[in-house]
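Below: one structure, written as structure tokens.
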Amino acid sequence: MKKFISILIVVLLITVAITGCNEKTSDLENIRLIEVTHSIFYTPQYVAIEMGLFEKQGLNIELTNGGGADKCMAALVSGEADIAFMGPEASVYVYLQGRDDPAVNFAQLTQIDGSFIVGREEDNDFTIDKLKGHTILGGRKGGMPLMALEYVLKQNGLIPGVDVDVRTDVQFDMMAGAFASGEADYTTLFEPLASSFELQGNGYVVESVGRLAGYIPYTCYSALGSYIENNPAIIQSFSDALYEAMVWVQESEAMEVAEVILPQFPESDVEFLAHIVQTYKDLEAWNPDLVLGEDGYNRLIDIMRLAGEIEEGAPYSEIQTPDFAIKAKENYEK
């Protein structure tokens, strides 16, 4: 009888524990987040996920890979995603199309181009002029990867389509496979693909596009204006989690960061991840305060104009808001 009572008590305790866990999960606000690609370039986001910082703010993140900014924006405007993580140029295009409910950028995670030029041969003395007379896979027309690459070429006196054959016919998420199969002389790739190519003998990283291009508000978190207006607490909680993750990444060693994000890249080893994290740290890839300021936005518009994609930009106040990022820092410091 005593044994039966003991078993019954254990069962009841387990039931209560499970019920408590379910109640905790049900209390979280589910957020459908779509990202432009899955890359170590976005380390602070994965830190926020793996360290439970979103859950700490009452949010449960459903993360999907969109495979390009165009697909991310399509998911956002169709209601298939609550928040999209992509280049802020997508918000400019949507606004200029006259959409009544534009996509508004509320936090900027990266501040340089995170891609690397990959060639077929090792070249420790690579300079951008070596692309002259060659073909490079540049990405989707109108996307930030292509515009940043073309900006670098033009700044160095190379005319795309004249001095360098910059191919835009291969989809963003298909570029690695196309290059591996023999397409083009060079390509641009994000990490961990770029370094994986070296390990597999499929190519060699010769230069960082971000190092050559300098500051660009490269990837931001966006939501429809109506969603932000109706859910300001969610957007603030999301920003608070990101900011805490950003501070932790900035203050932590690369190996420690790599150990945290390893579940996001299960096919990699921690030393491999740590090397790439350190590379991005050295490049100062991440925007420490999450704020997309007006000066940064104007630089984005200049690059888009130079690429011939737009004649004029959207008003800063219509598709950007720094308020949530500024408040996130204040909340963290309280």
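Here is a yes/no grid of residues against (1) at pLDDT 95 or above; (2) of a type in the set (D, E); (3) over 21 Å from C220 (Cβ atoms); (4) surrounded by fewer than 18 Cβ atoms within 10 Å (Cβ to Cβ):
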| site | (1), (2), (3), (4) |
| --- | --- |
| I18 | no, no, yes, yes |
| S26 | no, no, yes, yes |
| I34 | yes, no, no, no |
| F41 | yes, no, no, no |
| G58 | yes, no, yes, yes |
| A69 | no, no, no, no |
| M73 | yes, no, no, no |
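Taking every residue in the range 132-151 that is outside the structural domain of V36 (by TED's automatic domain parsing) and polar (S, T, N, Q) and pairing it with any residue that is assigned to a strand (DSSP E or B) and at pLDDT 90 or above, at least 6 positions away or on another chain, the pairs with Cβ-Cβ distances below 9 Å are T135/V164; T135/D165; T135/V166; T135/R167; T135/Y186. Elements of the type helices (runs of 4 or more DSSP H) sitting completely within the range 102-205 and holding at least 3 residues that are over 24 Å from P44 (Cα atoms) and among the aliphatic types (A, V, I, L, M): these cover 144-155, 175-180. A single member of F106, F126 is in contact (Cβ under 8 Å) with a residue 24 or more places away in the chain, out of contact with any Leu (no Cβ under 7 Å at 6 or more places or on another chain), aromatic (F, W, Y) and outside the structural domain of P232 (by TED's automatic domain parsing), and it is F126.
Inspection of the range 55-73 finds a residue satisfying the criterion of being part of a strand (DSSP E or B) and within 28 Å of G214 (Cα to Cα). In the range 295-334, which residues are farther than 26 Å from Y243 by Cα, among the β-branched types (V, I, T) and assigned to a helix (DSSP H, G or I)? Once the filter is applied, which keeps residues that are farther than 26 Å from Y243 by Cα, among the β-branched types (V, I, T) and assigned to a helix (DSSP H, G or I), the range 295-334 yields only I303.
Can you say whether L292 is touching a helix residue (DSSP H, G or I) at 6+ places or on another chain (Cβ under 6 Å) and buried (at least 22 other Cβ atoms within 10 Å of the Cβ), as far as the supplied structure shows? When the stated conditions are applied, L292 does not pass them. Every listed requirement among (1) at pLDDT below 95; (2) closer than 24 Å to I34 by Cα; (3) in the same structural domain as E50 (by TED's automatic domain parsing) is met by A194 save one, (3).
Residue count for the range 198-213, restricted to those that are surrounded by fewer than 20 Cβ atoms within 10 Å (Cβ to Cβ) and among the hydroxyl-bearing types (S, T, Y): 1.
Being surrounded by fewer than 20 Cβ atoms within 10 Å (Cβ to Cβ), within 21 Å of the chain's Cα centre (by Cα), under 30 Å from D125 (Cβ atoms) and free of Cβ contacts under 8 Å to residues at least 60 places away in the same chain is a property that holds for G177. Of all residues in the range 273-290, none are assigned to a loop (DSSP other than H, G, I, E, B), out of contact with any Gly (no Cβ under 6 Å at 6 or more places or on another chain) and farther than 19 Å from V249 by Cβ. Does I49 count as buried (at least 19 other Cβ atoms within 10 Å of the Cβ), modelled with pLDDT of 95 or more, in contact with a helix residue (DSSP H, G or I) (Cβ under 8 Å, 6 or more places away or on another chain) and not in a helix (DSSP H, G or I)? No.
The values are calculated or read from the model by the stated rules, or taken from the named source; none is laboratory data. It should be emphasised that the depicted structure is a prediction, and the values quoted were computed from it without experimental measurement. Neighbour counts run over all protein chains shown; Cβ positions are idealised from the backbone, glycine included.
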